[in-house]
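Some notes on the structure that comes next.
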Amino acid sequence: QVRLEESGGGLAQAGGSLRLSCAASGSIISVGDLGWYRQVPGKQRELVARITSGGGTNYADSVKGRFTISRDNAKKSAYLQMNSLKPEDTAVYYCNADVGAFNNGYAVTQNYWGQGTQVTVSS
């Protein structure tokens, strides 16, 4: 069974930095696009940043120039470096990935979510 596990969330002051990590585990054949999303209570989950298997990236306008997404294919991991944090960055951050894995003997590609990690930025 494929699992995505986030780490690195916590409390930061405005202007500070945090680095989120996401590690995929299980009977994995391949990891495709990886993304970070965030959600605050009462609002829809929104894309923060996404990176393709080839390394192409895209970012939400609100984080461009402050956040950097990266990946380590050998470790089946993704990272989100968050600099110049703002109170409005406060949210639960979720890792998302397209993962090819064995399921009952068949190779299947599915989309997975992590359990989320809280990021709180104080002013």
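The values are calculated or read from the model by the stated rules, or taken from the named source; none is laboratory data. Since the model is a prediction, treat every value here as computed from it, not as a measurement. Because the Cβ atoms are built from the backbone with ideal geometry, glycine has one as well, and the counts that use them run over all protein chains shown. The area values use the complete protein model at the heavy-atom level, side chains included, leaving out ligands, DNA and RNA. Shrake-Rupley method; radii C 1.70, N 1.55, O 1.52, S 1.80 Å.
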Net charge of neighbours whose Cβ lies under 13 Å from the Cβ of residue 25, counting Lys and Arg as +1 and Asp and Glu as -1: +1
Nitroxide proxy distance, nm - points 7 Å out along Cα→Cβ at residue 25 and residue 70: 2.3
Accessible carbon and sulfur surface of the chain relative to its total accessible area, %, 1.4 Å: 46
Choice from 89, 61, 98 showing the highest fluctuation, given a GNM over the chain with Cα pairs closer than 10 Å: 61
Potential lengthening between residue 39 and residue 81 on full extension [0.36 nm per residue; Cα-Cα distance subtracted]: 13.4 nm
Cα gyration tensor shape for the stretch 36-103, rounded if a/c is under 1.5, else prolate or oblate: oblate
Probe 1.4 Å - accessible area at residue 19, Å² to nearest ten: 120
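List the relative contact order of the chain as a percent without decimals, with contacts defined as Cα pairs under 8 Å and 6+ residues apart.
Numbers: 312 pairs, mean separation 44.1, N = 123.
Across the chain, relative contact order equals 36 percent.
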